[in-house]
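Chemist: The following block contains the structure, expressed as structure tokens.
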Amino acid sequence: MRPWDAEAVRRAMQVYLVMGSVNITQDPVEVLRQAIAGGITLFQFREKGTGALAHEARITLAMRLREVCSQHGVPFIVNDDVELAVAVEADGVHVGQEDADALLVRARIGDGRMLGVSAHSVDEARRAVQAGADYLGVGPMYPTRSKADAHAVLGPAGVAELRAACIAVPIVGIGGITPDTTAAVMAAGADGVAVISAIAGAADVRAAAAQFAAAVRGMQA
């Protein structure tokens, strides 16, 4: 059995934190520790944007964050950097539609690592699944300022459309989600929610993560 079968991926999707050094003003290692303590179930290292780390500094931070995830049994995903993912022994890679071709990424990382792909339409979702995606990141669910390259808002209806088109792989909603809107995203068919600033930028990171975890559990009850 592959280490990341659909059920394992669904469990990991529940509270999905995406973060890089540009998203925070505190020590990223401590932010991640607090987020894990609050209940996040998966972490994506996304080091992009103005002021993002490069070269050795980027690798060093990735390794530190990877170690924290390993200590707590939280899967570690790298955004759009296969070489970095392999170097730090990440659990997987996530790519957007404008990033590396998903089929080529799957070939490079093999079957032992998770592959996530962003999708904004049924056609994109189908191509991603055919390329070997283990899960889809769908959004934005709501307006967001965390990503300068964000697409037009899809809303939870975008998730519902994919499910109606028989897209069965795990889906995580992303973009502007709050604990209060988590229920709507999951009711539409998502397996969890992915957030950036709502956790990483919170004054109390642990409490913010716990609020999302509680909202997800409420939908599973």
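Chemist: Considering only helices (runs of 4 or more DSSP H) fully contained in the range 115-202, which possess at least 1 residues that are closer than 17 Å to Arg10 by Cβ and modelled with pLDDT of 95 or more?
Modeler: 122-131, 156-164, 182-187
Chemist: It is to be established whether one or more residues within the range 97-116 are polar (S, T, N, Q) and within 23 Å of Gly175 (Cβ to Cβ).
Modeler: The answer is yes; a qualifying residue exists.
Chemist: Let me ask something additional. Which of the residues belonging to the range 203-221 are within 18 Å of Asp27 (Cα to Cα), open to solvent by 20 Å² or more (accessible area, probe 1.4 Å) and not basic (Lys, Arg)?
Modeler: Of everything in the range 203-221, those that are within 18 Å of Asp27 (Cα to Cα), open to solvent by 20 Å² or more (accessible area, probe 1.4 Å) and not basic (Lys, Arg) turn out to be Ala203, Asp204, Ala207.
Chemist: Right, something else. Please state which one of Gly39, Gly49, Gly92 is over 16 Å from the mean Cα position of the chain (by Cα) and in contact (Cβ under 8 Å) with a residue 60 or more places away in the chain.
Modeler: Result: Gly49 is the single residue among Gly39, Gly49, Gly92 that is over 16 Å from the mean Cα position of the chain (by Cα) and in contact (Cβ under 8 Å) with a residue 60 or more places away in the chain.
Chemist: While we're looking at this one, here's another question. Pairs please, first residue from the range 175-190 and closer than 22 Å to Ala207 by Cβ and of a type in the set (Ser, Thr, Tyr), second anywhere and in a loop (DSSP other than H, G, I, E, B) and open to solvent by 30 Å² or more (accessible area, probe 1.4 Å), Cβ atoms under 7 Å, 6+ apart in sequence or on different chains.
Modeler: Cβ pairs passing all conditions: Thr181/Tyr142.
Chemist: Out of all the residues in the range 169-202, which are among the hydroxyl-bearing types (Ser, Thr, Tyr) and open to solvent by 50 Å² or more (accessible area, probe 1.4 Å)?
Modeler: Thr178, Ser197 - these are the residues of the range 169-202 that are among the hydroxyl-bearing types (Ser, Thr, Tyr) and open to solvent by 50 Å² or more (accessible area, probe 1.4 Å).
A quick yes/no check of all residues on (1) buried (at least 18 other Cβ atoms within 10 Å of the Cβ); (2) touching a strand residue (DSSP E or B) at 6+ places or on another chain (Cβ under 7 Å); (3) under 16 Å from Leu17 (Cα atoms):
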site	(1), (2), (3)
Gly112	no, no, no
Gly116	yes, yes, yes
Val129	yes, no, no
Met141	yes, yes, yes
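Chemist: Out of the range 52-89, which residues are free of Cβ contacts under 8 Å to residues at least 12 places away in the same chain and under 14 Å from the mean Cα position of the chain (by Cα)?
Modeler: Result: no residue meets the conditions.
Chemist: When you look at Ala90, is it open to solvent by less than 30 Å² (accessible area, probe 1.4 Å), of a type in the set (A, V, I, L, M, F, W, C) and within 30 Å of Thr25 (Cβ to Cβ), yes or no?
Modeler: yes
Chemist: Of all the helices (runs of 4 or more DSSP H) wholly in the range 1-78, which have at least 2 residues that are open to solvent by less than 10 Å² (accessible area, probe 1.4 Å) and within 17 Å of Ala203 (Cα to Cα)?
Modeler: Those helices (runs of 4 or more DSSP H) span 28-38.
The values are calculated or read from the model by the stated rules, or taken from the named source; none is laboratory data. Note that the coordinates shown come from a computational prediction; the quantities given were computed from them, not determined experimentally. Because the Cβ atoms are built from the backbone with ideal geometry, glycine has one as well, and the counts that use them run over all protein chains shown. Side chains are part of the model used for accessible areas, which takes the heavy atoms of the whole protein and leaves out ligands, DNA and RNA. Shrake-Rupley method; radii C 1.70, N 1.55, O 1.52, S 1.80 Å.
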